[in-house]
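Chemist: Below you will find the structure I want to go over with you.
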Amino acid sequence: MKLLHIDSSIQGAGSASRAVSAAVTERLRAENPAIEIAYRDLAAQPLPHLTLDVLADPAANAELQAFLAADVVVIGAGLYNFSIPSQLKAWLDRVMIAGQTFSYGPEGPVGLVGGKRVIVALARGGLYGAGAPAAPLEHGETYLGAAFGFIGIKPEFIIAEGVALGDEARTAAVDAARVQASNLAASSLAA
Ligand SMILES: Cc1cc2nc3c(=O)[nH]c(=O)nc-3n(C[C@H](O)[C@H](O)[C@H](O)COP(=O)(O)O)c2cc1C
């Protein structure tokens, strides 16, 4: 089984999403010690904006090929300006390729990679849960849900939120997300 672990936070060792995505990967590794893990740090080695030549040659698109090869994808992302880090958007632009991860049929778009499992560790400074006043401003969880849904995947989210509301709130949110990661059900670990 192959796992692709991607981080996109610009906050280095202080990143909440990196802490949680690492806990998810550790959980999956503990469950399946033979799992093959590839790691990609999109902040340390950012991708350029999408250009037309990338679309022209899917075989040369290393991000797409790594994604296609993976059974499980773990993504760490922070909510930046109500959306995902632009580093992660550049990666998604290389993965959401017509004819590769989705196609258009007579009845509309069809996702082509439904067999994969995607787990997103998302960190948010504020509170955006159901009923929160800021909920309509949340375009991280909603965007990633829509984008992966479009290619046939229902991503699982582990969310640490309210991390900007003080040290205590941050510690509680990250710890709770870590516990959630370590409790990922064994039965759901298979791709
Ligand atoms: C550039 C930047 C933009 C941010 N924008 C938002 C935002 O729009 N809403 C929010 O709730 N928190 C925002 N935050 C706080 C982050 O969501 C919070 O720091 C979270 O921990 C980010 O994940 P990370 O620690 O893995 O980078 C922002 C933080 C940064 C650095």
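The values are calculated or read from the model by the stated rules, or taken from the named source; none is laboratory data. This one's a predicted model, so the numbers in the text were calculated from it and none came from an experiment. When we count neighbours, we look across all protein chains shown, and the Cβ atoms used for this are built from the backbone with ideal geometry, even at glycine. For the accessible areas, the whole protein counts, side chains as well, though only heavy atoms, and no ligand, DNA or RNA atoms are used. Shrake-Rupley method; radii C 1.70, N 1.55, O 1.52, S 1.80 Å.
Chemist: P(r) of the chain in 10 Å steps, Cα pairs, percent per bin?
Modeler: Taking every Cα pair in the chain, the percentages come to 9, 36, 37, 16, 2, 0.
Chemist: Just to confirm the number: angle between the C-alpha axis of helix 141-150 and the first principal axis of the chain, 0 to 90 degrees, nearest 10?
Modeler: Approximately 20 degrees, to the nearest ten.
Chemist: Then there is this: Hey, in the GNM for the chain with a 10 angstrom Cα cutoff, which one of 17, 103, 83 fluctuates hardest?
Modeler: Most flexible of the set in this elastic network: 103.
Chemist: Which value in nm describes the separation of the simple spin-label points at residue 176 and residue 139, placed 7 Å from the Cα toward the beta carbon?
Modeler: 2.6
Chemist: Leaving ligands and nucleic acids out of the surface, order 50, 3 by accessible area at 1.4 Å, largest first.
Modeler: Working: 50 65, 3 5 Å².
The most accessible residue leads, giving 50, 3.
Chemist: Amide H neighbours of residue 73 under 5 Å, counting only residues 5+ apart in sequence or on other chains, H built in-plane at 1.01 Å?
Modeler: 4, 117, 118, 119
Chemist: Next question. Return the whole-Å distance between the Cα centroid of the range 134-184 and the Cα centroid of the range 1-38.
Modeler: Between the Cα centres of the range 134-184 and the range 1-38 lies a distance of 15 Å.
Chemist: Using a 7 Å offset from the Cα along the Cα-to-Cβ direction at both residue 29 and residue 69, what is the distance between the two label points in nm, to one decimal?
Modeler: Between residue 29 and residue 69, the label points sit 1.8 nm apart.
Chemist: If the cut-off is a Cα-Cα distance under 19 Å, which lysines reach residue 2, setting aside same-chain residues fewer than 8 apart in sequence?
Modeler: Correct list for residue 2: 116, 154.
Chemist: So, one more: For the range 50-56, take each phi angle, set θ = phi - 60°, evaluate the Karplus expression 6.51 cos²θ - 1.76 cosθ + 1.60, and give the result in whole Hz per residue in order, putting x for glycine and proline.
Modeler: Karplus values, whole Hz, x for Gly and Pro: 4, 10, 4, 5, 5, 5, 6.
Chemist: If you don't mind, another one. Using a probe radius of 1.4 Å on heavy atoms only, what accessible surface per residue do you get for the chain? Whole Å² is fine. Can you show the working numbers first?
Modeler: Numbers: 9140 Å² over 191 residues.
In whole numbers, the chain has 48 Å² accessible per residue.
Chemist: Also: Where the accessible area of the chain is counted over protein heavy atoms with a 1.4 Å probe, how much of it, in %, is carbon and sulfur?
Modeler: Details: 5220 of 9140 Å².
Carbon plus sulfur share of accessible area: 57 percent.
Chemist: Rounded to the nearest 10 degrees, what's the angle between the helix 167-182 long axis and the longest principal axis of the chain, both from Cα atoms, 0 to 90?
Modeler: 50
Chemist: Can you tell me, using C-alpha contacts under 8 Å and at least 6 residues apart, the relative contact order of the chain as a whole percent?
Modeler: Value for the chain: 25 percent.
Chemist: For the range 1-150, what proportion of DSSP beta bridges, expressed in % and rounded to the nearest 5, is antiparallel?
Modeler: Working: 5 of 24 bridges.
Of the beta bridges lying entirely in the range 1-150, close to 20 percent run antiparallel.
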